[in-house]
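Okay, structure first, notes after.
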Amino acid sequence: MNRKSERPIKITEVCLRDGSHVMQHQFTEDQVRRVARELDDAGMHYIEVSHGDGLGGSTLQYGKSFVDEMKLIEAAVDECKQATVAVLLLPGIGTVHELKQAHTLGAGLVRVATHVTEADVSAQHISMACELGMEAIGFLMMAHMASTEKLVEQAKLMESYGAQAVYVTDSAGAILPHEVHEKISALKESLSIEIGFHAHNNLSLAVANTIAALEEGATRIDGSVRCLGAGAGNAQTEVLLSVLDRMGINLGIDIYKMMDIAEHTVGPLIPRPQEINKGSLILGYAGVYSSFLLHAERAGQRFGLDSRDILLELGKMKVVGGQEDMILDVAAQLAKARKLEV
Ligand SMILES: CC[C@H](O)CC(=O)C(=O)O
Ligand SMILES: [Mn+2]
């Protein structure tokens, strides 16, 4: 139970969805089956399974999945005895058609994700999920970009569409602990539904920020085992659970089993260590979504620039996912300005 809320704390494991970015969407059915089975056995509450960019993300633009996500959802549902399989949906990428299909296969919860200032595009999908009898949750991405007032306004929209909870989603891992306190407490005051927090670890704050969110009354939190998520990963689930246990908060999940999943099942799948390196750190520092990193590095090489300068500039411009085409323009302008300076 959360001290500031009468509701129990629920955790969603996102390694099979946010981690799909790291795996370049190449999860096999066997891998998903094994991870889902072991997480379920450990007592995990929700297990999110989708393409990294949500339902319908398997495209040339976002990266083709190795296995159709519907097959992976079906496999995870088949393995879960007690956990609820969740899916992510970004309106514009996923449609109500895919939502219905995921529901038919047994997905019990959907998180409808929009940019933090665009909650209005979630209305149709949230109400459809409610009609289907799924748990419907709003997921406000890149939350560091909005003022607390704007965030509250957008969360209220999602509440009005029927969302049972709204997440503050720190997509770039850029939010600082005092900002988490401010944002979550404002949401708690203004909304009557549950509040969630989804962290990224680019500034090494994912666990601390998640705890800050809980301290303000959030009751929905996310983790990725062995930090298998975009950028430097999310709040590392087995670490988060251990810290919470030391704080006297037990979520009913077997911590030894989670440690073993991290060590023996998920760890060996990860193509490169989920550490905070120059790339992930600059994403958090600049407040830019992880899909920009590779493009900025390429643009840096092409224009003879430090990619960090490009990303910082993009951060100042408050670019959002889907605006990756601006990277070349920004790099060209920076290169031109530098030449003029010389
Ligand atoms: C592009 C979807 C994104 O990965 C959702 C998410 O987990 C986030 O914004 O952090
Ligand atoms: Mn994420």
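Points to keep in mind about this one:
- Of Phe139, Phe66, Phe197, the one that fluctuates the most in a GNM where the chain has Cα springs shorter than 10 Å: Phe66
- Cβ charges +1 (Lys, Arg) and -1 (Asp, Glu), total dipole of the chain, debye: 600
- Within the chain, percent of DSSP bridges classed antiparallel, to nearest 5: 5
- In the stretch 291-341 the Cα-Cα distances spread across 10 Å bins starting at 0 as 29, 60, 11, 0 percent of all pairs.
- Cross-link table Lys64/Lys183; Lys183/Lys278; Lys4/Lys257, entries beyond 31 Å C-alpha to C-alpha: Lys64/Lys183
- Integer Hz, Karplus 6.51/-1.76/1.60 couplings in order for the stretch 43-51, x for Gly and Pro: x, 3, 7, 10, 10, 8, 10, 5, 4
- Footprinting exposure proxy for His97, His115 (fewest neighbouring C-beta atoms within 10 Å first): His97, His115
- The value of relative contact order for the chain, using C-alpha pairs under 8 Å at least six residues apart, is 16 percent.
- Shape index of the stretch 20-110: Rg/Rh, with Rg the Cα radius of gyration and Rh the Kirkwood radius from the inverse mean 1/r over Cα pairs, equals 0.95.
- Taking Cβ atoms as reference points and 13 Å as the exclusive limit, the residues near Ala136 contribute a net charge of -2, counting Lys and Arg as +1 and Asp and Glu as -1.
- Taking other C-beta atoms within 10 angstrom as a stand-in for reagent exposure, Tyr161, Tyr285 fall in the order Tyr285, Tyr161, fewest first.
- With a simple spin-label model that places each label point 7 Å from the Cα along the Cα-to-Cβ direction, the separation between Lys81 and Ser5 comes to 2.9 nm.
- Grouping the Cα pair distances of the chain into 10 Å bins from zero gives a pair-distance distribution of 6, 27, 36, 23, 6, 1, 0 percent in increasing distance order.
- Diffusion coefficient, µm² s⁻¹, Stokes-Einstein with Kirkwood Rh over alpha-carbon pairs of the stretch 86-242 at 4 °C and 1.567 mPa s: 84
- Between Leu109 and Val87, Glu135, the built amide H atoms are under 5 Å apart, and every one of these is 5 or more places off in sequence or on another chain.
- Neighbour counts of C-beta atoms inside 10 Å place Leu90, Leu281, Leu314 in the sequence Leu281, Leu314, Leu90, starting with the fewest.
- Built amide H within the under 5 Å cut-off of Gly52, gap 5+: His21
A short reminder: the numbers here are calculations on the coordinates, not readings from a lab. Computed from a predicted model, the values in this text were never measured in an experiment. Every residue, glycine as well, gets a Cβ built from its backbone with ideal geometry; the counts of neighbours run over all protein chains shown.
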